[in-house]
1. Could you tell me which residue of the stretch A:51-76 is nearest to B:LEU201 (Cα to Cα), considering only residues that are facing another protein chain (nearest Cβ under 9 Å) and open to solvent by 20 Å² or more (accessible area, probe 1.4 Å)?
2. Return only the number of the condition from (1) among the polar types (S, T, N, Q); (2) farther than 27 Å from A:SER176 by Cβ; (3) touching a Phe, Trp or Tyr at 6+ places or on another chain (Cβ under 6 Å) that B:GLN67 does not satisfy.
3. Those residues that are part of a helix (DSSP H, G or I) and open to solvent by less than 50 Å² (accessible area, probe 1.4 Å), I need them from the stretch B:73-93; list them, please.
4. If you check B:ILE124 against the conditions, is it β-branched (Val, Ile, Thr), crowded, with 21+ Cβ neighbours inside 10 Å and in contact with an Asp or Glu (Cβ under 9 Å, 6 or more places away or on another chain)?
5. Tell me which of these B:SER256 doesn't satisfy, since it passes every other one: (1) of a type in the set (Gly, Ala, Ser); (2) away from chain A (no Cβ under 14 Å); (3) closer than 30 Å to A:MET106 by Cα.
6. When you check B:SER164 against the structure, is it within 12 Å of chain A (Cβ to nearest Cβ), surrounded by 15 or more Cβ atoms within 10 Å (Cβ to Cβ) and polar (S, T, N, Q), yes or no?
7. When residues of the stretch A:123-140 are filtered for being in a loop (DSSP other than H, G, I, E, B) and open to solvent by 40 Å² or more (accessible area, probe 1.4 Å), how many remain?
8. Take the residues of the stretch A:25-50 that are within 21 Å of the chain's Cα centre (by Cα) and away from every other protein chain (no Cβ under 14 Å): which is surrounded by the most Cβ atoms within 10 Å (Cβ to Cβ)?
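The values are calculated or read from the model by the stated rules, or taken from the named source; none is laboratory data. Fair warning: this is a prediction, and the values are worked out from it, not measured in the lab. Note that each Cβ is placed from the backbone with ideal geometry, even for glycine, and that neighbours are counted across all protein chains shown. Note: accessible area is taken over every heavy atom of the protein model, side chains too, but ligands, DNA and RNA are not part of it. Shrake-Rupley method; radii C 1.70, N 1.55, O 1.52, S 1.80 Å.
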Amino acid sequence: MPFVKQKQSETIGQDERKRVRDCASLELQLSDPNPTARRWAARDLASCPESSAALVEQLKQEPDSSVREIILTTLTQLGDELAVASLVDFLGSEDVALRNEAIEAMKLLPDEVAPIMGNLLKDPDPDVRISAVNILESMRHQHVETWLKEVIEQDAHVNVCATAVDLLGEVGTDYSREALENLKIRFPNEPYISFATDLALKRICLA
Amino acid sequence: MTDKSISQEDFFKFREFFYRKTGIQFEDSKRYFVDKRLIERIVATESNNFRNYFVMLRFETSGEELQTLTNLMTVNETYFFREEYQFQCMVASILPEITAQKKDHSPIRIWSMPSSSGEEAYSIAMYLLEYWPGINQWDVEIISSDIDTKILAQARLGNYGTRSIQKLPPPLLKKYFKCNRDGYQICDDLRQAVEFTRVNLMKPADVRAYREFDIIFCRNLLIYFDDLSRRTAADTFFDALNPGGFLLLGHSESMSRISSLYQVRKFTDSVVYQKSKEAQ
């Protein structure tokens, strides 16, 4: 039969690393010219709890999308204060890919993002507030509806409220009914708000 | 009192959400199957109605209920030639591309994960022998891995019940198996064709030696993972593949919702994921 078992299969589990794998060396390898080495360094840094700063610094300048993705995975695994704070910074980035990557990463960190969600939803930049609502879309947390209700009660920006209403159409309950009805009064000249609010209220009634 | 009804709108809403989270798409014809399981979980979680259950499902921090429901909605079984169209795609479309770009004529390396009791890996070997003319010119290395050492031992033994061989064409059953009192024993040649290894996909130390694969089969595994683990697995496969290598997932799974590392390739028989040829 033309099937072979090479010596590689014998060495599985006994991998000899070409580079030193301590945390300090791994951080240095984040700037290795070879993207494969950078990916492996980023991946192995998941076991180095103090490595968020180095990962964030590399992420800001990393040209290779595959390395960026693995850095973000590792930052999500670390999920420490610095990692989360950096993801928050990226929400305001001009780099659309980085912004979206940060949103996706933050969706995976409900416990870490929850304490700062209130501040995110009050950020002066409406794009950051919209990103925050987008994070809520897939974030598993019991306060999601409370946050959304606060958005439609308090946020002055129509697009932020519209994003929140869309989501309330899926997850809203009686708890949000009054806030939804008031939203139409707050934005009387916005046809989309009127449409989305009526739809959300209809779905709540049907429930 | 529990409302055990699932409206059309509920069904659509759930279907869209479940697809987004797991990649599993239910056709309208599966409505009864889906409703039955949803109602079972609504009752079990004392959610009173679909809406309450759906809100809990979406926002429960632990994700436990989503996992429970996913397990209910999927059928965990394996058998020879399961999702055969992917093997057809392998011989008709993928291998010709791989051999065209392999200038050094090194062996074609295939990784099947999770191995389970070995049906997939042995199916690959059989399919190559039966339907790929290139098998006469190329060496092939098949490695099949699982986290469960007991199931790996079973795979190495290669003894199967009737359920496992149900989709095998009778001539192949006759050619590659011997009937014995325990069921069907796969022939020694095929047993020798596959290397079975234990690996935990989530442990970098376990997976870092798995490199230079041309094809990875990882079917119906990621649906059991949480979002972060799926992403970690996608990253791992990326570095395990050669540039231009292919990743095949289960028919209900989609890499597009997990990672942006791969290019989607649509062949006649299947949608598969490819690591860019230019990737380093």
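1. Step by step, filter the stretch A:51-76, then rank; the result is A:SER65.
2. Of the numbered conditions (1) among the polar types (S, T, N, Q); (2) farther than 27 Å from A:SER176 by Cβ; (3) touching a Phe, Trp or Tyr at 6+ places or on another chain (Cβ under 6 Å), the odd one out for B:GLN67 is (3).
3. B:MET73, B:GLN86, B:PHE87, B:CYS89, B:MET90, B:VAL91, B:SER93
4. Answer is no for this residue.
5. (2)
6. No, not satisfied.
7. Adding up the residues that qualify gives 4.
8. Among them, the one singled out is A:GLU50.
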